[in-house]
Amino acid sequence: MELDEFRTELDRWLDAAADELAPGPGATASMDGEMAQLAKVKRLTFDAGWMRWGWPERVGGLGGSPLLRGYLGEAVTARGLVDPGLYSMTEVLAPTMIDYAPPELAADAVPRLLRGDETWCQGFSEPGTGSNLAALTCRATLVPSAAGDVWRVDGQKVWTSLAQYAQRCVLLVRTGTVEDAHRGITALFVDMDSPGITVRPITTMHGRDEFSEVFFDGVEVPTDRQLGDVGQGWAVAMDLLPFERSTALWHRGAFLRRRLADLVVDAPDGALRPDEVGRALVDLFALRARSRRTLHRLDEGERLGPETSIDKILLATCEQEVFDLAADALAERVALGDDDASEHWRSEYLYSRAATIYGGSAEIQRNIVARRLLDLGADR
Amino acid sequence: MSAIDDAPLDEGGLDATELDILTTAVRQAASSRSGADLDAALDEIGWVDAVAVAPRAAVSALFEAQGEACTTSGALGRLLGTALGVPLAVGDTVLLPRFGGASPPARRSGGGTEVDGLGGPGLVGPGPAGARRVLLVATQPDGTGSAWATAPVTALRTQAVVGLDPDLGLLEVTSGQPLDVGDWSAIDGPGWDGAVALGRLAVGHELVGTMRTMLELARSHALDRVQFDRPIASFQAVRHRLAEALVAVEGAAAALDGAWEDRSPLAAAIAGAACGHGARTVRRHCQQVLAGIGFTTEHDLHRYVRRSIVLDGLFGNARTVTAELGARVLQDRSLPHLLPL
């Protein structure tokens, strides 16, 4: 399936299925509503085949290029059918399973994720471990059990997106010593209904309680739920990043473009200045061009590396630029508005403040650029 | 051959080896020669012919190299001729718009033709006086499309531009009295807009070249300069400034990439603006990192500061073009659809 054909056929299908795919009125006003909408879109696109393109056949896919996944995400985002952040989690989690899970596990689990039958979360950050992920301390110890040795997990994760909705967790645990640092980390695929797991949603300032604290208290995980080998968890985490910085990034860029387009329509006359709108257009084009090239490199089998920190910096900067514009042009609606649309603008403006914090903070990205791309030597 | 949207989708009939030979020769020439010397070298290489078959490779290689080395040539004027589909004889050049604008530099009226534009560095060079002709473009009197005519340089008033960057070799070219320039020929196809688009991409690449050199100068200084017993490159404040500068360069380069892929004059305008804005960011951070030494003429930074500021004024500067883009979006109440995946 070539991209041009995929594009044409998908656009036609999305037009035809528009009523079915559309969120009902007020449906996306809550987190529960967003999740239900996402599950619906995933189910419909999976059953019609679209969601399966770009994924290997051995995990329920139809094969084909990652560009196809890129376009699908762009199309459903541009039509306002899904929240891009929620949608794109698949882009990050599925490749992890495909590359590191035992084949039977991947074949069983990935289709459920793609179809929206399951939601997964990613247990990485901890209260004491954010930017310095290699220092994580959530512990897994091999203990005997009736069914042979199992991992017993004790510890805590935080900022775990969608944990309260998730059936499974891609969990990074320390299996080695603290001195082993990143070499003592292992990745596990954990069922969220395992005894000993407690999920506590975090109330955020933007009105969507999208992440949680997750507590692990003597949680047993069979060894056949390892993703990769013992001590390979760091590679699992690092290999996940390029997917966040390629397809997921492309989707978010499409979302920003849509919201700028919406802003231009929603803003009162004279509320937007030509120079600031023009600048947002220019910056979004640069982001789009950069992300497009990254996706094509991925498609050509190139290994994505620290240069994708540039893509991430461009994205976060654009996101804040677009929503700064929105907050200025729609100031009264953002400050006072109670209707659905105003609440979306308000929530998205507040969430945009986190764009330079999540997924590797702005400071970390610039450190990476300085060290790995500019070769500026040690920073101490 | 006219403008980028008619350009061959691949790089014409040139295979990878031929492209490599071309771009290597062009970069080599532009990094070590300037002015008439560089023009001569480009003639030997057959650069103008290469533009017809491999526009992206030919334009990006030459103009980025010129920017990186702070050299100059008459290539921009000759590039416009290629874009307009007008055959240029040896010694001909196309007049560029006035500084800060993108309108055709000639205006036709009942009384004759008025000229107000810029001559690129190739305008006045070796050869018998009067051997050089200027190709003038004007909007058609009925407003539909544009047309070209020629005039000898001697019929025009030329004044060397000194200002911020005399080394760039620009000339202000005016008509004084309205001229009688003879026959006007209509320009087919994308016409002047297509030529401006290609010119913007060329200048954009030259700006990216200046940005890369400014960043390299700052980077190199940061690694060499020791204060408080360590290279200043080890301080996070310095590292982050240079990181911002690299993001600006890569963003501008990406915009140019996108414009070549998209092929529309609108994308070229956007990319040109991205390069102008990016250059300002790079100047700011690199000037700061280079501190005292970068502020003297003993150091090369000032040459790139001057060059990049003046280049931004060719075919309209980033600020004005950006405001025009925004005004159009506000008027249409929609964003253009550019650069499909």
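List of remarks:
- The residues listed here are A:342, A:352, A:347; of these, the one that is over 26 Å from residue B:240 (Cβ atoms) and free of Cβ contacts under 8 Å to residues at least 60 places away in the same chain is A:342.
- Residue B:327 meets each of the listed conditions (1) facing chain A (nearest Cβ under 9 Å); (2) within 22 Å of residue B:63 (Cα to Cα) apart from (2).
- Annotation: of all residues in the stretch A:355-379 being buried (at least 19 other Cβ atoms within 10 Å of the Cβ) and hydrophobic (A, V, I, L, M, F, W, C), the one that is farthest from the chain's Cα centre (by Cα) is A:376.
- Only listed residue being more than 14 Å from the chain's Cα centre (by Cα), over 30 Å from residue A:68 (Cβ atoms) and away from chain A (no Cβ under 12 Å), chosen from B:305, B:321, B:289, B:310: B:305
- Some residue of the stretch B:145-161 being under 20 Å from residue B:202 (Cβ atoms) and assigned to a loop (DSSP other than H, G, I, E, B): yes
- For the stretch B:251-261, the set of residues classified as surrounded by fewer than 24 Cβ atoms within 10 Å (Cβ to Cβ) and over 15 Å from the mean Cα position of the chain (by Cα) consists of B:257, B:261, listed by residue number.
- Wholly within the stretch B:13-119, helices (runs of 4 or more DSSP H) carrying at least 3 residues that are in contact with a Cys (Cβ under 8 Å, 6 or more places away or on another chain) and of a type outside the set (Val, Ile, Thr): none
- Of all residues in the stretch A:250-294 being free of Cβ contacts under 8 Å to residues at least 24 places away in the same chain and among the basic types (Lys, Arg), the one that is farthest from residue B:319 (Cα to Cα): A:293
- Among the residues making up the stretch A:300-323, a single one is touching a Ser or Thr at 6+ places or on another chain (Cβ under 8 Å) and modelled with pLDDT under 95: A:304.
- Counting only strands (runs of 3 or more DSSP E) that fall entirely inside the stretch A:109-189 and contain at least 1 residues that are touching a Pro at 6+ places or on another chain (Cβ under 9 Å) and of a type in the set (A, V, I, L, M, F, W, C), the qualifying elements are A:150-161.
- Inclusion of residue A:286 among residues that are within 12 Å of another protein chain (Cβ to nearest Cβ), in contact with a Pro (Cβ under 8 Å, 6 or more places away or on another chain) and either assigned to a helix (DSSP H, G or I) or at pLDDT 95 or above (or both) is not warranted.
- If you filter the stretch B:157-197 down to residues that are crowded, with 23+ Cβ neighbours inside 10 Å and closer than 17 Å to residue B:312 by Cβ, you find that the one that is modelled with the lowest pLDDT is B:170.
- Only listed residue being more than 10 Å from every other protein chain (Cβ to nearest Cβ) and closer than 28 Å to residue A:177 by Cα, chosen from A:215, A:211, A:255: A:215
For (1) more than 24 Å from residue A:134 (Cα to Cα); (2) touching a Ser or Thr at 6+ places or on another chain (Cβ under 6 Å); (3) among the basic types (Lys, Arg), each residue gets a yes or a no:
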{"site": "A:194", "(1), (2), (3)": "yes, no, no"}
{"site": "A:204", "(1), (2), (3)": "yes, no, no"}
{"site": "A:207", "(1), (2), (3)": "yes, yes, no"}
{"site": "A:214", "(1), (2), (3)": "no, yes, no"}
{"site": "A:223", "(1), (2), (3)": "no, no, no"}
{"site": "A:229", "(1), (2), (3)": "no, no, no"}
{"site": "A:237", "(1), (2), (3)": "no, no, no"}
{"site": "A:243", "(1), (2), (3)": "no, no, no"}
{"site": "A:254", "(1), (2), (3)": "yes, yes, no"}
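- Residues of the stretch A:355-380 that are away from chain B (no Cβ under 11 Å) and free of Cβ contacts under 8 Å to residues at least 40 places away in the same chain: A:357 alone.
The values are calculated or read from the model by the stated rules, or taken from the named source; none is laboratory data. Keep in mind the model is a prediction, meaning the values are calculated, not measured. Neighbour counts run over all protein chains shown; Cβ positions are idealised from the backbone, glycine included.
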